[in-house]
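**Student:** Before I ask anything, here is the structure I am working with.
Read the figures in this text as sums done on the coordinates, not as results from a lab. All values derive from a computational prediction rather than experimental measurement. Cβ atoms come from the backbone with ideal geometry, glycine included; neighbour counts cover every protein chain shown.
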Amino acid sequence: NAGVMQNPRHLVRRRGQEARLRCSPMKGHSHVYWYRQLPEEGLKFMVYLQKENIIDESGMPKERFSAEFPKEGPSILRIQQVVRGDSAAYFCASSPMDRENIQYFGAGTRLSVL
Amino acid sequence: AQTVTQSQPEMSVQEAETVTLSCTYDTSESDYYLFWYKQPPSRQMILVIRQEAYKQQNATENRFSVNFQKAAKSFSLKISDSQLGDAAMYFCAYSTSQGGSEKLVFGKGTKLTVNP
């Protein structure tokens, strides 16, 4: 059973470009969470999605950031018009539809904005 | 809002010795989950141990155990017989159990060094 797959591992963008980060949850998992980790910091929650639904986006910046988890395919975190402050590691986690509250993490995508 | 505090930015331990990492949290909920995650240099977040707040018994996973003090809102991690592979950042995390968004709230982490 493959783990949570994130790609790319590293992404370099220039200011003003778009960044698209992908996350394929573990097989059988229907809940996806995105977190952001700034240098020397813990992970900060961004958004929680189930298939075709955004359940909680309380941690998402109001502008330029969006997320989706379509019926088919991976979850996508999209950052438009990136700025240097968006440079961080972005982690995806998935969990099954039980009540165990265990989240399994991918290896993250490190975004560098030049 | 829930908060998680890890007061030790860095800790070190000799190989084969025991070390305890501290974590406190703040919540008004009575039922919730607490976790310790390990992040080695590879950056992969690895679940170390999980505690359900309604269970009084402290969780144990091999060399890892917790001291859960619900009234004091304290959740420390003890690593026994430390190994070089235990060197990593350790993050304490909180999650509600009341349905809706079970997002994790993380502390800032403790960097653990294991000396040979």
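**Student:** For B:88-97, what's the mean count of beta carbons from other chains sitting within 10 Å of each residue's beta carbon?
**Tutor:** Mean partner shielding for this stretch: 2.
**Student:** Related question: In segment B:62-102, whose amide N lies under 13 Å from the spot 7 Å out along Cα-to-Cβ of B:Lys111? List them in ranges.
**Tutor:** Of the residues in segment B:62-102, B:88-90 have backbone N under 13 Å from the label point off B:Lys111.
**Student:** Counting Lys and Arg as +1 and Asp and Glu as -1, what is the net charge of the other residues whose Cβ lies under 11 Å from the Cβ of A:Gln37?
**Tutor:** Residues close to A:Gln37 contribute a combined charge of +3.
**Student:** Within 10 Å of each Cβ in A:44-51, how many Cβ atoms from other chains are there, averaged over the peptide?
**Tutor:** Counting Cβ atoms of other protein chains within 10 Å of each residue's Cβ and averaging gives 2.
**Student:** Hey, any idea what the orientation-averaged projected area of the convex hull of the protein assembly as shown's Cα atoms comes to, in nm²?
**Tutor:** Here the figure is 12.8 nm², rounded to one decimal.
**Student:** How charged is the neighbourhood of A:Tyr48? Take every other residue with its Cβ under 14 Å from the Cβ of A:Tyr48, and add Lys/Arg as +1 and Asp/Glu as -1.
**Tutor:** Neighbourhood net charge equals -1.
**Student:** Please order A:Arg110, A:Arg13 by the number of other Cβ within 10 Å, starting at the fewest.
**Tutor:** With the fewest neighbours first, A:Arg110, A:Arg13 line up as A:Arg110, A:Arg13.
**Student:** Give, rounded to the nearest 20 debye, the magnitude of the charge dipole that the protein assembly as shown has about its Cα centre when Lys and Arg contribute +1 at Cβ and Asp and Glu contribute -1 at Cβ.
**Tutor:** Computed about the Cα centre, the dipole is about 780 debye.
**Student:** Next question. Set the Förster distance to 35 Å, then compute FRET efficiency between A:Ser58 and A:Leu114 from the Cβ-Cβ distance, nearest 0.05.
**Tutor:** Here the calculated transfer efficiency is 0.70.
**Student:** While we're on this one: Going out from 0 in 10 Å bins, what whole percent of all Cα-Cα distances in chain A drops into each bin?
**Tutor:** 15, 50, 30, 5, 0
**Student:** Sorted by average packing, counted as other Cβ atoms within 10 angstrom per residue and highest first, what order do A:6-12, B:43-49 take?
**Tutor:** The densest-packed peptide leads the list: B:43-49, A:6-12.
**Student:** Something else about it: Starting from the Cα of A:Lys51, step 7 Å along the direction of its Cβ; do the same at B:Asn58; then give the gap between the two resulting points in nm.
**Tutor:** Distance between label points: 4.2 nm.
**Student:** Using only the Cα atoms of chain B, each taken as one equal point scatterer with no solvent, compute I(q) by the Debye sum, divide by I(0), and report log10 of the ratio at q = 0.15 Å⁻¹.
**Tutor:** One equal scatterer on each Cα of chain B leads to -0.61.
**Student:** Of all DSSP beta bridges in chain B, what percent run antiparallel (nearest 5)?
**Tutor:** So the antiparallel bridges amount to about 85 percent of the total.
**Student:** Let me ask you something else. Give the average, rounded to an integer, of partner chain Cβ atoms located within 10 angstrom of each Cβ in B:101-111.
**Tutor:** 6
**Student:** Determine the relative contact order of chain A: mean sequence separation of Cα pairs under 8 Å and six or more apart, normalised by residue count, in whole percent.
**Tutor:** Over chain A, the number comes to 37 percent.
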